[in-house]
């Protein structure tokens, strides 16, 4: 009896050690590239050639100063901010209204339309590039911010509507009915009740959407071809072509592009898991 108990305890201890080892390994795999970028961005060109993976002898900010002096980095940063803000705000507004309609308004074909929208989540964006480019060309939207903004919206809306709709259906019907008795229509219920209660889900969608739009490359390369419209990720690709022998400067540009996203994620981290779980696991 004691031998069996000791065996189970030893097995549990071994499993705990294995879990900790896997967590440490996962942490190293995630943080190692970040550490490489930070250390490489602080080296001189000659020091990087001599020891790419080692610690810098004297951490330097000269690469970041060179980026600012170049001027293009600031232009790319501005373009990414404009495209990201427009795309995310428009997507949140449309998806919130659509999700409320699918959750609280009964109309013919509601479930079929919702299922059709959700099915678009499995469609890879690359298969739609040619028809999207043809449509954007005919509408004279290529090389304008709006071409990327509209396409990003189309790609984000299915997931956003799905998550918010599943959150809205969890709001107690008694709360909605009491608002109707007070004379509130659908718009007032949506604005005064649904949106405040969906704050965590909205923060989650904002973080996810901002991260995706900011890091998206393919659509930005195809639909924003002018130099003055290039986004940060597309600009870094061109940057690598211009300074392919100056890896520290390239790494400094990559690090500069990561800082805003890390700050946004850390700011919304406490809402992130709660909002994602509320939208993904609860439904009608």
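The values are calculated or read from the model by the stated rules, or taken from the named source; none is laboratory data. Since the model is a prediction, treat every value here as computed from it, not as a measurement. All Cβ positions, even for glycine, are placed from backbone atoms using ideal geometry, and neighbour counts span all protein chains on display.
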Quiz item: Is it the case that some residue within region 50-64 is under 28 Å from the mean Cα position of the chain (by Cα), modelled with pLDDT of 85 or more and part of a helix (DSSP H, G or I)?
Solution: yes
Self-check item: Residue identified as touching a residue at least 12 places away in the same chain (Cβ under 8 Å), in a helix (DSSP H, G or I) and farther than 16 Å from residue 253 by Cβ among 30, 17, 83, 24
Solution: 83
